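The values are calculated or read from the model by the stated rules, or taken from the named source; none is laboratory data. If you're wondering where the values come from, they're calculated on a predicted model, not measured in any experiment. All Cβ positions, glycine included, derive from the backbone under ideal geometry; neighbour counts span all protein chains shown.
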Amino acid sequence: MRASSGARDDALSLSGAAFGYGGRTRVEGLTLEVPEGSAVALVGPNGSGKSTLLRGILGLADLTAGGARVLGEAPGRARPRIGSLPQADTRDAALPVTLRQVVTMGLYRSRGALRPIGRAGRAAVAGSLERVGLAELAGRRFGELSGGQQQRGILARALVSGPRMLLLDEPFNGLDGENREALLRLVRELRDEGRTVVVSTHDPEISRRVCTHALRLRSGRRPGEPGRPAAFGPLAEALALGGTVPEPRTTATVREAE
């Protein structure tokens with residue numbers, strides 16, 4: 001499955017790929033190429049493997065079958081060039097750290113936790129906080145921020161090292177209108193800068209407003225079976241292939257999975 005890319009390189013290339021944990025596959029049958037600069041909506045029901053796929057791109061889930069290249073490298077090796085925003089319920093907001101310290105953690109992926117961040121690092125942290133509109137809250141305890149502010153703070157952490165790819169796992173869940181619009185604006189800006197963005201979401205409006213393409217996953221046919229791709233391609237065409245997936249067909253713009 002391929003989206004038209006012109007002369008752009010592929011940010012993500014999967015060939016019969018499957019990902020899972022401890023020898024158990026959670027999502028399989030992934031064959032697609034995502035050009036750099038695309039914004040991909042990752043949609044599908046709970047249990048279809050969306051989060052596992054995102055973790056697989058980061059090298060945090062096992063590649064149990066097939067091949068995968070991320071920014072031209074094996075999953076995991078490209079991790080320093082990828083920013084990620086996990087689901088809100090996977091982080092501990094009670095840790096006694098400031099927002100500035102949380103964002104600074106985003107620099108450790110490329111330089112290590114023991115190396116001083118220096119003037120350039122401090123400037124990167126300040127610039128990242130400014131970009132998400134939280135500069136004035138840099139010294140505030142992270143746990144004292146609203147849920148939307150925490151989400152924007154984690155995005156600042158993801159951006160601070162200047163990543164080429166961003167993986168956002170249900171980033172809009174539970175946000176109020178103001179924080180939702182702020183995050184939408186930021187994602188559009190990142191897409192327009194040529195960064196590759198993959199956004200896991202259940203909200204079709206989010207997909208329409210920020211994404212250029214969509215990858216639809218479906219749950220396994222029986223409980224416990226891995227999720228599989230249903231369609232990938234330009235946003236409108238891929239999302240139109242909702243519900244039960246019919247017999248496979250290929251067009252110039254969108255491919256239904258087998």
TODO: Check Val125 against each of (1) surrounded by fewer than 19 Cβ atoms within 10 Å (Cβ to Cβ); (2) without any contact (Cβ under 8 Å) to a residue 60 or more places away in the chain and name the one condition it does not meet.
DONE: (1)
TODO: Report the residue count in the range 216-258 for those that are assigned to a strand (DSSP E or B), among the polar types (S, T, N, Q) and modelled with pLDDT of 85 or more.
DONE: 0
Task: Answer residue from the range 151-167, given it is touching a Lys or Arg at 6+ places or on another chain (Cβ under 8 Å) and part of a helix (DSSP H, G or I) and is farthest from Val125 (Cα to Cα) among those - done: Ile154
TODO: Take the residues in the range 173-200 that are touching a helix residue (DSSP H, G or I) at 6+ places or on another chain (Cβ under 6 Å) and crowded, with 21+ Cβ neighbours inside 10 Å, then tell me which one is farthest from Gly133 (Cα to Cα).
DONE: Ser200
TODO: Could you please find all residues in the range 133-165 being hydroxyl-bearing (Ser, Thr, Tyr), over 19 Å from Arg180 (Cα atoms) and surrounded by fewer than 19 Cβ atoms within 10 Å (Cβ to Cβ)?
DONE: none
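Tally time: how many residues in the range 144-184 are on the phi > 0 side of the Ramachandran plot, touching a residue at least 60 places away in the same chain (Cβ under 8 Å) and out of contact with any Ser or Thr (no Cβ under 7 Å at 6 or more places or on another chain)?
Total meeting the criteria: 1.
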